[in-house]
Amino acid sequence: MADRFFVEPITTRGARLLLYTDTGGRLFLTRSAVERLGLPTEQIAGDEGLAEGVRLPPFKPEASIPPVTVLGGAPRRGLEGQESL
């Protein structure tokens, strides 16, 4: 079992996200967070078929999180150069 922790990045528009993650590399957003931030969703290939995914919004440099990496491949560039799934 990987260690779990919270991170709280702030978007460039001032919205705070309280994210629950772990050292195993998983990161999930709730539908309410996606809707609150107005993030468009897209279909992505997951381990169990198609899944719904979003690109992370840009964060303030002083309140950001490390780039998200894609296991088994290189990270893809998201909005404004932010690495995302």
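Structure above, values below:
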{"read-out": "Of the chymotrypsin sites (Phe, Trp or Tyr not before Pro) in region 15-62, those whose Cβ has at most 13 other Cβ within 10 Å and which sit in DSSP loop", "value": "28"}
{"read-out": "Computed lengthening from residue 43 to residue 4, 0.36 nm per intervening residue step minus Cα-Cα distance", "value": "11.4 nm"}
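Each value in this text was obtained by applying a stated rule to the coordinates, not by laboratory testing. Worth saying up front: this structure is predicted, and the values here are computed from it rather than measured. Please note: Cβ atoms are built from the backbone with ideal geometry, for glycine as well, and neighbour counts cover all protein chains shown.
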